[in-house]
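Some notes on the structure that comes next.
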Amino acid sequence: MKISKEEVGYVADLARLSFDEAQTEKLQGDLSAVLDYVAALEKLDTTDVKPTEHVLELVNVLRPDVVGETLPIDKVLANAPEAENNAFRVPRVVE
Amino acid sequence: MEYDIVIGMEIHAELATKSKIFCSCPTEFGADENTHACPVCLGMPGVLPVLNEKVVEYAAMAGLALNCKIANFSKMDRKNYFYPDLPKAYQTSQFDLPICTGGTVTIDTPDGKKDVGITRIHIEEDAGKLIHEGGGGTLVDVNRCGVPLIEIVTEPDLTNAEDARIFAEKIRDTLEYTGVSDCKMQEGSIRFDVNLSVKPKGSTELGTRTEMKNLNSFRALMRAVQYESKRQIIELKKGNRIIQETRKWDDAKGVSSSMRSKEEAHDYRYFPEPDLVPIVLSDERIEEIRSTLPELPEAKRLRYVNDFGLPEYDAEVLTAKKALSDFFEESVALIDEPKMISNWLMVEIPPLLKEHELTAEEIPFTPASLAELIGLIQDGTISGKIAKSVLADMFEAPEKAPKTIVDEKGLAQMNDSGELEAIIEKIVDENPKSVEDIAGGNKKAYGFLTGQVMKATKGKANPQEANKIIREKVQAKIDS
């Protein structure tokens, strides 16, 4: 199954990535190969197979509602490219 | 052509946990920017979220209170989107297996009782706060990231603005009552989204809907519904199509407008959250949670009518706010005068609360003080009228016992008939005209004499006792 340029563009957009013409063409092939590989599973009869919600057998891993340590503000902002008034500063987003 | 309005709601409520949903940061409102943060809620790589057990319990409680079925098996999912209020670039939520499904809420509307279906309630995390000020970008505060939420989704069963408001208030009251959320609207701990469409009257086919998000007061909710339904009807009458979109409600201007900034289709690419394992609740565990539910307003209302003999109206007012009903019950446990307590709580206390800018949760004195005040009226120490002035003092000095206020101000009624008799005798002597009037059949003069007595005793005379003595003295004068 060959996926279109538009589909590559759409997926790239969702992931906030941008590709030039040559890269897009290469990805068309790569992504198609992935989909074909997974498509092999569709040949199986899964009528009686329960969907897998989680690969582990564990359930109910919970913690008590207790307040603990928080990070000091300099650690919180250590990786921030820009900060102002103890807040992260990002390019303006319009509501 | 006439149109029907079709409304469904999505209600987000922050749960009243102490710590966040997946980490131990505090949830408290109003802290300095980014002080309630840790590697988990900052979305650092390699961290492992662990679900707060109280979140599961509260979500199930909300579901039980809204007559939902609680799932024996549910799971968390990732909802992917990029926005700076979400450091992880996905919101942990629930997609196909929410914790509660299929509930019903019955509301009392001006046109009678109506049922509103609850489609589902799911658990999710709140996002951070964006501050847009000046021209220099947007500031991000992550304190609210990871504060636990439930999202309640209704069926499109509401048909007008008033019903939408009544429904929203009922949800607020229920969540507040069960203690699941503090529902402080001014702090955004409960928010309403409205999905609205219109269709030709009687038609079974739904029209195209629009969505208005984050309506943060009941008034805004009502006005937004009124405006948007009118707008859609006008568009259709002009022969235009309704565009499916999110619209922004501007409460100051009273208009909704299109949010054209996000033209792209929403594609959240939900998938099961690999970092969190499923939530399993046995029937026994669900029943255990049910047993912790406090009595809900309706049941309480019935009990107030049946056990305390209160009128329906009193029962409704007292049970509408949990704080008020708690205060009532604590008072009634101390003094068995339900109707009197109800009157004080409904009639005398609210204007004083308003004057002091307090809410029903903030009555400054204890139920024991109210019970003591009522006791003082009961045993004749003070009149009802004096009690009102004592109540006003209790708002000023809540730590003082009513008895202390009465003693300090010398407000106790004059029950010593000797002292009272002397005062009355003097007044009767000084007012021969009144005695003449009474002798001549003008009973109104009694009122004047009573007024004089009250004035002389600064209102402390026991009215029944005073009236009795006045009659005796006047009669004695006439006879002599």
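The values are calculated or read from the model by the stated rules, or taken from the named source; none is laboratory data. Please read these numbers as outputs of a predicted model, since none were measured by experiment. So basically every Cβ, Gly included, is an ideal-geometry build from the backbone, and we count neighbours across all protein chains shown.
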_Which numbered condition B:VAL147 fails, given (1) over 25 Å from A:ASP74 (Cα atoms); (2) within 25 Å of the chain's Cα centre (by Cα); (3) surrounded by 20 or more Cβ atoms within 10 Å (Cβ to Cβ)_ = (1)
_Just the residues that are out of contact with any Leu (no Cβ under 8 Å at 6 or more places or on another chain), assigned to a helix (DSSP H, G or I) and either touching a residue at least 12 places away in the same chain (Cβ under 8 Å) or surrounded by 21 or more Cβ atoms within 10 Å (Cβ to Cβ) (or both), please, taken from region B:375-394._
B:GLY375, B:LEU376, B:ILE377, B:GLN378, B:LYS385, B:LYS388, B:ASP393
_Residue check, B:PRO45 buried (at least 18 other Cβ atoms within 10 Å of the Cβ) and on the phi < 0 side of the Ramachandran plot_ = no
*Could you list, in sequence order, all residues of region A:78-92 that are surrounded by 13 or more Cβ atoms within 10 Å (Cβ to Cβ) and either at the interface with another protein chain (Cβ under 7 Å from one of its Cβ atoms) or under 23 Å from the mean Cα position of the chain (by Cα) (or both)?*
A:ALA80, A:GLU84, A:ASN86, A:ALA87, A:PHE88, A:ARG89, A:VAL90, A:ARG92
*Under 9 Å between Cβ atoms, at least 6 apart or on separate chains: pull out the pairs that start in region A:9-28 with a residue that is under 14 Å from B:ARG269 (Cα atoms) and end on any residue that is of a type outside the set (Ser, Thr, Tyr) and surrounded by 15 or more Cβ atoms within 10 Å (Cβ to Cβ).*
A:VAL11/A:ILE3; A:VAL11/A:LEU27; A:VAL11/A:LEU31; A:ALA12/A:LEU27; A:LEU14/B:ASN80
*Out of the residues in region B:397-431 that are more than 16 Å from B:ILE478 (Cα to Cα), assigned to a helix (DSSP H, G or I) and among the charged types (D, E, K, R), state the one that is modelled with the lowest pLDDT.*
B:GLU419
*Identify the residue in region B:82-129 that is over 24 Å from the mean Cα position of the chain (by Cα) and surrounded by fewer than 16 Cβ atoms within 10 Å (Cβ to Cβ) and, among all such residues, is nearest to B:GLU33 (Cα to Cα).*
B:TYR83
*Would you say B:ALA439 is in contact with a helix residue (DSSP H, G or I) (Cβ under 8 Å, 6 or more places away or on another chain), without any contact (Cβ under 8 Å) to a residue 40 or more places away in the chain and not assigned by TED's automatic domain parsing to the domain that holds B:LYS460?*
no
_Subset of region B:432-480 [more than 26 Å from B:VAL390 (Cα to Cα) and not in a helix (DSSP H, G or I)]_ = B:GLY440, B:GLY441, B:ASN442, B:LYS443, B:LYS444, B:SER480
*Do we have any residue at all in region B:154-164 that's closer than 21 Å to B:ASP108 by Cα, outside any helix (DSSP H, G or I), under 19 Å from the mean Cα position of the chain (by Cα) and more than 14 Å from chain A (Cβ to nearest Cβ)?*
no
*Among the residues of region B:16-46, write down those that are of a type outside the set (A, V, I, L, M, F, W, C), more than 8 Å from chain A (Cβ to nearest Cβ) and without any contact (Cβ under 8 Å) to a residue 40 or more places away in the chain.*
B:GLU28, B:PRO45, B:GLY46
*Has region B:418-425 got any residue that is more than 27 Å from B:ALA371 (Cα to Cα), in contact with a helix residue (DSSP H, G or I) (Cβ under 7 Å, 6 or more places away or on another chain) and exposed (fewer than 14 other Cβ atoms within 10 Å of the Cβ)?*
no
*Within region B:353-374, can one find any residue that is among the small types (Gly, Ala, Ser), out of contact with any strand residue (DSSP E or B) (no Cβ under 8 Å at 6 or more places or on another chain), surrounded by fewer than 20 Cβ atoms within 10 Å (Cβ to Cβ) and over 19 Å from B:ASP326 (Cα atoms)?*
no
*Selection within region A:50-68 - of a type in the set (Lys, Arg) and either within 7 Å of chain B (Cβ to nearest Cβ) or at positive phi (or both)*: A:ARG63
*Output the residue which, of all residues in region B:47-67 that are within 22 Å of the chain's Cα centre (by Cα) and not in a helix (DSSP H, G or I), is nearest to the other protein chains (Cβ to nearest Cβ).*
B:LEU66
*How many residues are under 21 Å from B:ARG223 (Cα atoms), polar (S, T, N, Q) and in a loop (DSSP other than H, G, I, E, B) if we restrict to region B:185-205?*
1
*Tell me, yes or no, whether region B:264-272 has at least one residue that is touching a His at 6+ places or on another chain (Cβ under 8 Å), within 14 Å of chain A (Cβ to nearest Cβ) and exposed (fewer than 15 other Cβ atoms within 10 Å of the Cβ).*
no
*Determine if region B:206-215 includes at least one residue that is within 27 Å of B:ILE150 (Cα to Cα), basic (Lys, Arg) and either touching a Cys at 6+ places or on another chain (Cβ under 6 Å) or modelled with pLDDT of 95 or more (or both).*
no
*Scan region B:274-284 and give yes if some residue there is in a strand (DSSP E or B), surrounded by 12 or more Cβ atoms within 10 Å (Cβ to Cβ), within 14 Å of chain A (Cβ to nearest Cβ) and modelled with pLDDT of 95 or more, otherwise no.*
yes
*For A:VAL38, work out the one condition from (1) at negative phi; (2) within 7 Å of chain B (Cβ to nearest Cβ) it doesn't fulfil.*
(2)
